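All remarks here apply to the structure that follows.
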Amino acid sequence: MMLPVLSASPLRAVLIAVALTTLTVLTVLAVPAATAVPAATGVPSPHARTGALARVEARLVDHLDDARRRPGCRALRPRAALHTTAAGHSGAMARHGELTHQVPGEPALRERIAAAGYPGAARMGEVVAVGPRSARGVLRRWLASPPHRALLLDCAMRLVGVAVHAEAGRSWWTVDLVRRR
């Protein structure tokens, strides 16, 4: 679901912003093998990142792994390139003030994942949210939604990139998941 933020009326912009704080969005793509795209280089490991946002992102992965253990899934493997993809998308949503899987001028999820080094991914998915201030809060919201829950608890999804972008009192969340083959 995409909600455009139009500047036609300040009241309309406020109403849309309020609506966005209550929404989350899900995308799951089954994709055929694609042409190889060079992987991102020079990206630090997500475990090497420091700071408050890095700790929040790590907590989200920990909480997600806890939830995935219940149905018998193995722990997710964070990947720096997927983190970079998720971080870019969270920042893009914040800049555009829009909760969506593709902001204007941004490549589609399939292209972002391929550019991150996973052009032949058998399956990929993304969940996004705006509003919750904690890792536990955003995960609770996603797990309460059957399609989001199905994606996040899909044991075949093994690689993850998680990012939160905090700006002007709002948190923009992106989780990108990949199953290689």
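The values are calculated or read from the model by the stated rules, or taken from the named source; none is laboratory data. Everything numeric in this text was worked out from a predicted model, so none of it was measured. Neighbour counts run over all protein chains shown; Cβ positions are idealised from the backbone, glycine included. What goes into the accessible areas is simple: the full protein's heavy atoms, side chains included, and nothing from ligands, DNA or RNA. Shrake-Rupley method; radii C 1.70, N 1.55, O 1.52, S 1.80 Å.
Here is how the numbers come out for the structure above:
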{"quantity": "The lone exception for Leu64 - which of (1) open to solvent by less than 60 Å² (accessible area, probe 1.4 Å); (2) modelled with pLDDT under 50 it fails", "calculated": "(2)"}
{"quantity": "Members of the stretch 83-103 that are buried (at least 20 other Cβ atoms within 10 Å of the Cβ) and of a type in the set (Val, Ile, Thr)", "calculated": "Thr84, Thr85, Thr100"}
{"quantity": "Some residue of the stretch 154-171 being part of a strand (DSSP E or B), crowded, with 18+ Cβ neighbours inside 10 Å and charged (D, E, K, R)", "calculated": "no"}
{"quantity": "Subset of the stretch 127-144 [open to solvent by 30 Å² or more (accessible area, probe 1.4 Å), outside any helix (DSSP H, G or I) and closer than 21 Å to Leu159 by Cα]", "calculated": "none"}
{"quantity": "Residue within the stretch 94-107 that is over 21 Å from Leu53 (Cβ atoms) and not in a loop (DSSP other than H, G, I, E, B) present", "calculated": "no"}
{"quantity": "Some residue of the stretch 75-91 being of a type in the set (D, E, K, R), assigned to a loop (DSSP other than H, G, I, E, B) and within 12 Å of Val160 (Cβ to Cβ)", "calculated": "yes"}
{"quantity": "Count - residues of the stretch 57-81 that are in contact with a His (Cβ under 8 Å, 6 or more places away or on another chain) and acidic (Asp, Glu)", "calculated": "1"}
{"quantity": "Those residues of the stretch 104-122 which are of a type outside the set (A, V, I, L, M, F, W, C), crowded, with 16+ Cβ neighbours inside 10 Å and over 15 Å from the mean Cα position of the chain (by Cα), in sequence order", "calculated": "Gly117, Tyr118, Pro119"}
{"quantity": "Cross-chain or 6+ apart pairs with Cβ under 6 Å, the stretch 56-83 first and under 13 Å from Arg136 (Cβ atoms), then modelled with pLDDT of 95 or more and open to solvent by 60 Å² or more (accessible area, probe 1.4 Å)", "calculated": "His63/Arg136"}
{"quantity": "Residue satisfying all of: in the stretch 172-181; surrounded by fewer than 22 Cβ atoms within 10 Å (Cβ to Cβ) and closer than 18 Å to Thr85 by Cβ; nearest to the chain's Cα centre (by Cα) among these", "calculated": "Arg179"}
